[in-house]
Amino acid sequence: MQRVLALDVGDRRIGIAVSDPLGITAQGLETYTRTGDMEKDAAYIRTLAERYKPVRLLFGMPRNMDGSYGFQSEKVKEFAAAVLEGFEGEHAFYDERLSTVSAERVLYEAEMNWQKRRKVVDKLAATIILQGYLDTNPKL
């Protein structure tokens, strides 16, 4: 097992998390604020991939509560295609339903104020997505 780099892709921010080298736990790395230039944003993600050397990029795939794919899913697929143009490894999509809601709840229960929550919620959502993936895919 080697590292997995997970992304919670949003219109304004991207939450980023990485697994430990054994693929057991997920750690939040950062919340990246998008520039508005998809190629610059994709290049930044590829730079992180060069640093952490993941065997797989994991993209959180937004789905509707009935399991269907919506408009945001198309945006994630488009961004994933841009990132994958320069990435030599595997990739996967993982259902991210309610990951941001779960992250918000954790931060709210920790009594973190809304300004601080906004800065870390996407990173925590990426961590939740990655940990869910690692728990359901123990051997890559």
Q: May I ask you to list the residues in the range 4-24 that are open to solvent by 60 Å² or more (accessible area, probe 1.4 Å) and either over 19 Å from D135 (Cα atoms) or in contact with a Ser or Thr (Cβ under 9 Å, 6 or more places away or on another chain) (or both)?
A: D11, R12, R13
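Does T47 qualify as being modelled with pLDDT of 90 or more, farther than 20 Å from L134 by Cβ and part of a loop (DSSP other than H, G, I, E, B)?
Details: modelled with pLDDT of 90 or more: yes; farther than 20 Å from L134 by Cβ: yes; part of a loop (DSSP other than H, G, I, E, B): no.
It is false that T47 is modelled with pLDDT of 90 or more, farther than 20 Å from L134 by Cβ and part of a loop (DSSP other than H, G, I, E, B).
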(Q) Suppose the filter is open to solvent by 40 Å² or more (accessible area, probe 1.4 Å), of a type in the set (D, E, K, R), more than 15 Å from the chain's Cα centre (by Cα) and modelled with pLDDT of 70 or more; does E88 pass it? (A) yes
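I'd like to verify a number: residues in the range 27-58 that are open to solvent by less than 20 Å² (accessible area, probe 1.4 Å) and not acidic (D, E), how many?
7
The values are calculated or read from the model by the stated rules, or taken from the named source; none is laboratory data. Bear in mind that the values here come from a model prediction, so they are computed numbers and not experimental data. Virtual Cβ from ideal backbone geometry, glycine too; neighbours counted across all protein chains shown. The area values use the complete protein model at the heavy-atom level, side chains included, leaving out ligands, DNA and RNA. Shrake-Rupley method; radii C 1.70, N 1.55, O 1.52, S 1.80 Å.
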